[in-house]
1. For the chain, with a Gaussian network of springs between Cα atoms less than 10 Å apart, report the residue from Gly146, Gly200, Gly178 with the top mean-square fluctuation.
2. Can you check what the net charge comes to around Asn210, using other residues whose Cβ is under 9 Å from the Cβ of Asn210 (Lys, Arg +1; Asp, Glu -1)?
3. Between 0 and 90 degrees, rounded to the nearest ten: what's the tilt of helix 108-120 against the longest Cα principal axis of the chain?
4. Would you compute, for the Cα atoms of the stretch 9-53, the largest minus smallest coordinate along each principal axis and list the three values in descending order, in whole Å?
5. Go through the stretch 175-190 residue by residue and turn each phi into a ³J(HN,Hα) via Karplus (6.51, -1.76, 1.60, θ = phi - 60°); whole Hz please, and just put x for glycine and proline.
6. Take the Cβ-Cβ distance between Tyr218 and Phe121 as r, set R0 to 30 Å, and report the resulting FRET efficiency rounded to the nearest 0.05.
7. Could you give the C-alpha radius of gyration of the stretch 168-229 expressed as a fraction of 2.2 N^0.38 Å, taking N as the number of residues it contains?
8. Test of understanding: express the Cα radius of gyration of the chain as a ratio to 2.2 N^0.38 Å, with N the residue count.
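The values are calculated or read from the model by the stated rules, or taken from the named source; none is laboratory data. Small disclaimer: the values here were computed from a predicted structure and weren't measured. Please note: Cβ atoms are built from the backbone with ideal geometry, for glycine as well, and neighbour counts cover all protein chains shown. These accessible areas exclude ligands, DNA and RNA; they are computed on the full protein's heavy atoms, side chains included. Shrake-Rupley method; radii C 1.70, N 1.55, O 1.52, S 1.80 Å.
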Amino acid sequence: MISKNQIKLIKQLEMKKFRQRTQLFVAEGPKVVGDLMRRWKPEAVFATDDYVSPLPVEIQRISSDELRKVSFLQHPQQVLALFPIPPTTVPQLQPTTLTLALDGVQDPGNLGTIIRLADWFGIENIICSEETADAWNPKVVQATMGSIARVNISYTSLDDFMDQLPKDFPVYGTLLDGDDLYQQELTQGGIIVMGNEGNGLTEKVRRRVNRRLFIPSYRTDDTAESLNVAIATAIVCAEFRRRGSACQQR
């Protein structure tokens, strides 16, 4: 059985101010909770009788009706867990390492998908502007499908951060007036900056981009105005990794 105070706490964790106050976040479903358990110790686990934990942790058994009361999912999935928000630090970038930066990405689904993409493409760090959505939002955590446990996510002022980089450090940005991604020379490492869903990169960050990229459309008539930021991130990361693999095989 779950108490009223526990229900209240879980519901409050939908809001950023309560996540910051308690330093806790919510994860749901066997896949997400299982992946996170392998990295972090949960503060509490609430699960129905049919849930089997992959690791020996204390579980508070609750009914399906109780799980529905606290779940943020339309279709609850056996288990909900509370985890401490891990401490994160802004990394020291290396020119041989690929890093993602997000300039005001607002949609939780987009952010979660980008975190999952970073995990897939072996990108260990995502640096977010202070205007980017909170990575510990339940919708973001769910969209990562567990990848949030394997990617270091930090928040800072992007323009101040990039001012501290060496002048020749590769800073890539996707812009409508950029150069064709498939024709431009790409370095092995650097930082790839992706912008807000509606407005793209802010002017402050745009001025600090020294390698401008454009993903070309293959239609010659009317076409979509732009790509979804998560899709654009996937295309750019895939091309960087494809080029890097080709170089290693030579």
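1. The residue with the greatest mean-square fluctuation here is Gly178.
2. Details: positive: Lys167, Arg208, Arg211, Arg212; negative: Asp168.
Neighbourhood net charge equals +3.
3. Taking the Cα atoms of the chain, the angle to 108-120 is about 70 degrees.
4. 32, 22, 14
5. Along the stretch 175-190, the couplings run 9, 5, 9, x, 8, 3, 3, 7, 10, 7, 5, 10, 7, 5, x, x Hz.
6. Values: r = 23 Å, r/R0 = 0.76.
So the FRET efficiency works out to roughly 0.85.
7. Details: Rg = 12.2 Å, N = 62, 2.2 N^0.38 = 10.6 Å.
That works out to 1.16 for the stretch 168-229.
8. Working it through for the chain, the quotient is 1.12.
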